[in-house]
Amino acid sequence: MISKNHNLLLTLALTILGGGAYAQPDQVHLSWSGDKVNPASSMTISWVSKGLQNQEYVVYGTATSAFTTVKAKKTISEGTSFQKVLLNNLKPSTTYIYRCGSIEDGWSENYSFKTAPLSGKRQIVKVGVWGDTQNNDSNEQFEKTTLIINHLVLLKPDFTLHMGDMVENGSITPYWLRFLTVSQPLNAIAPMMQTLGNHDIENRLGENFQKPFSSFGQLFSLPLDGLDYSFDYGNTHFVCIFSGFAKTASDKGLLRYNPTSKEYLWLEKDLSKARSNPKTQWIVAYTHYPLYAYGVSGVQQWKEAISPLFDKFHVDLCLSGHRHVYERHYPVYAGIRTTEDKGTVYITNGTAGGSPQGLGGKEMPTMAFTSTEKMYNYALMTIDAKKLTYEVFDQNAKKIDELIIVKN
């Protein structure tokens, strides 16, 4: 419950403690959640602590001298306290300062975030894009991912999209905790809106096949069920499509999306509504399994299930992960490369930590750019009214590709 009056004890304690005398709260990360998401007026703050007994809080405001206090909702599991706070009634295009914790157990440092502009209102929007941060070879403690995070922090994105495979094995909760610890400098200032990859979910056939592990629900707060969801930010509609374990699911007839599935019907309705909204200039989809990809990463049934809807409702851009190579395709419509203003650009955003994979794919008729060497990478998408710029960088922050789309 939000108190309209300043909590004097909390404010005094914050002043005394300064910038993190305890640093007890950990894995602080932002997101948007709920059935009706409005990034212009809400924000969800999540963190983890070892304090099991005391009530924890978020204190926030447009200035440190005027903090408002909100109680956290706590879930305890395996000796860890998972804390979440939903902030509502925020002002659009406004910067807020916040910290989380308690007097008894300590406070995080001060962080800040900026709310989205009103729907349809012009404002330059910067979106960080990363994915496949899984802690495997050469990234056991997210060493490579940390480099990418440091670069993304300097770019100051308004939020980030994560393409899935956050960890190597989603059944191991400490992997998630470690990932959120190293990514806190980014996630605490820029909401992370992720899709789940095949490493993040149960990938063995059985009752729980393609379901997230329990730690996902404890740690993260996303719209709807956290799997398939969408949100509007300024003049852009973002839609997250959960591909599950598309390769095996396709072979076994268990693909989540088909013309009669609830997921497909939801997506069709969502895209139709977005495209008919006069305030929506762009539609950007993101998913883990790429629809267009070189080699075994391409799943034909997955492409056939989704791409007709993208054609029908003119999705401008589709981002994905899974294949650990950066690839960009020309605009595609009905499976054919097109230069007309009606195709979807498909991008596989490579890897921000997981081991880089083999190269190839230049011979594909839709391929516009593919890496000539193995590398880690990330991207910054900048949207300004009728212009979308997509810049891709390697682990040394060297630009390796740039895409510019201009609306007529």
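The values are calculated or read from the model by the stated rules, or taken from the named source; none is laboratory data. All values derive from a computational prediction rather than experimental measurement. Reconstructed Cβ throughout: ideal geometry from the backbone, glycine too, with neighbour counts over all protein chains shown.
If we scan the range 124-142, do we find a residue that is without any contact (Cβ under 8 Å) to a residue 24 or more places away in the chain and in the same structural domain as Glu391 (by TED's automatic domain parsing)? Within the range 124-142 (the criterion being without any contact (Cβ under 8 Å) to a residue 24 or more places away in the chain and in the same structural domain as Glu391 (by TED's automatic domain parsing)), the answer is yes, since at least one residue qualifies.
Among what's in the range 320-337 and is β-branched (Val, Ile, Thr) and either under 24 Å from Trp130 (Cβ atoms) or under 19 Å from the mean Cα position of the chain (by Cα) (or both), pick the residue that is surrounded by the most Cβ atoms within 10 Å (Cβ to Cβ).
That would be Val325.
Only one of (1) among the small types (Gly, Ala, Ser); (2) over 19 Å from Ser183 (Cβ atoms); (3) in contact with a helix residue (DSSP H, G or I) (Cβ under 8 Å, 6 or more places away or on another chain) fails for Ser93. Which number is that? Ser93 satisfies all of (1) among the small types (Gly, Ala, Ser); (2) over 19 Å from Ser183 (Cβ atoms); (3) in contact with a helix residue (DSSP H, G or I) (Cβ under 8 Å, 6 or more places away or on another chain) except (3). The single residue among Phe231, Phe216 that is touching a strand residue (DSSP E or B) at 6+ places or on another chain (Cβ under 9 Å) and either part of a strand (DSSP E or B) or at pLDDT 95 or above (or both) turns out to be Phe231.
Quick check on Ala72: is it of a type in the set (Gly, Ala, Ser) and over 23 Å from Leu222 (Cβ atoms)? Criteria not met by Ala72.
Residue-by-condition table, conditions (1) at pLDDT below 95; (2) more than 20 Å from Cys240 (Cβ to Cβ); (3) assigned to a loop (DSSP other than H, G, I, E, B):
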| position | (1), (2), (3) |
| --- | --- |
| Pro290 | no, no, yes |
| Ala293 | yes, no, yes |
| Val296 | yes, yes, no |
| Pro308 | no, no, no |
| His314 | no, no, yes |
| Asp341 | yes, yes, yes |
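If you go through the range 38-63 and keep only what is part of a loop (DSSP other than H, G, I, E, B) and β-branched (Val, Ile, Thr), you end up with just Thr62.
Per the conditions (1) free of Cβ contacts under 8 Å to residues at least 40 places away in the same chain; (2) not in a helix (DSSP H, G or I), the sole criterion not satisfied by Pro185 is (2).
I need the full set of residues from the range 348-388 which are free of Cβ contacts under 8 Å to residues at least 24 places away in the same chain and over 26 Å from Leu155 (Cα atoms), in order please. Selection gives Lys362, Glu363.
Of the residues making up the range 286-301, those that are touching a Lys or Arg at 6+ places or on another chain (Cβ under 9 Å) and surrounded by fewer than 24 Cβ atoms within 10 Å (Cβ to Cβ) are Ala293, Tyr294, Gly295, Val296, Ser297, Gly298, Val299. Answer yes or no: is there a residue in the range 248-270 that is out of contact with any strand residue (DSSP E or B) (no Cβ under 6 Å at 6 or more places or on another chain), under 30 Å from Thr181 (Cα atoms) and surrounded by 15 or more Cβ atoms within 10 Å (Cβ to Cβ). Scanning the range 248-270, I find no residue that is out of contact with any strand residue (DSSP E or B) (no Cβ under 6 Å at 6 or more places or on another chain), under 30 Å from Thr181 (Cα atoms) and surrounded by 15 or more Cβ atoms within 10 Å (Cβ to Cβ), so the answer is no.
The rows are residues; the columns are (1) part of a helix (DSSP H, G or I); (2) touching a strand residue (DSSP E or B) at 6+ places or on another chain (Cβ under 9 Å).
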| site | (1), (2) |
| --- | --- |
| Pro117 | no, yes |
| Lys126 | no, yes |
| Thr133 | no, yes |
| Asn136 | no, no |
| Asn139 | no, no |
| Asp165 | no, no |
| Pro174 | yes, no |
| Arg204 | no, no |
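Of all residues in the range 64-112, those being among the hydrophobic types (A, V, I, L, M, F, W, C), assigned to a strand (DSSP E or B) and at pLDDT 90 or above number 8.
For the range 108-160, filtering for residues that are surrounded by fewer than 19 Cβ atoms within 10 Å (Cβ to Cβ), within 21 Å of Asp26 (Cβ to Cβ) and polar (S, T, N, Q) leaves 5.
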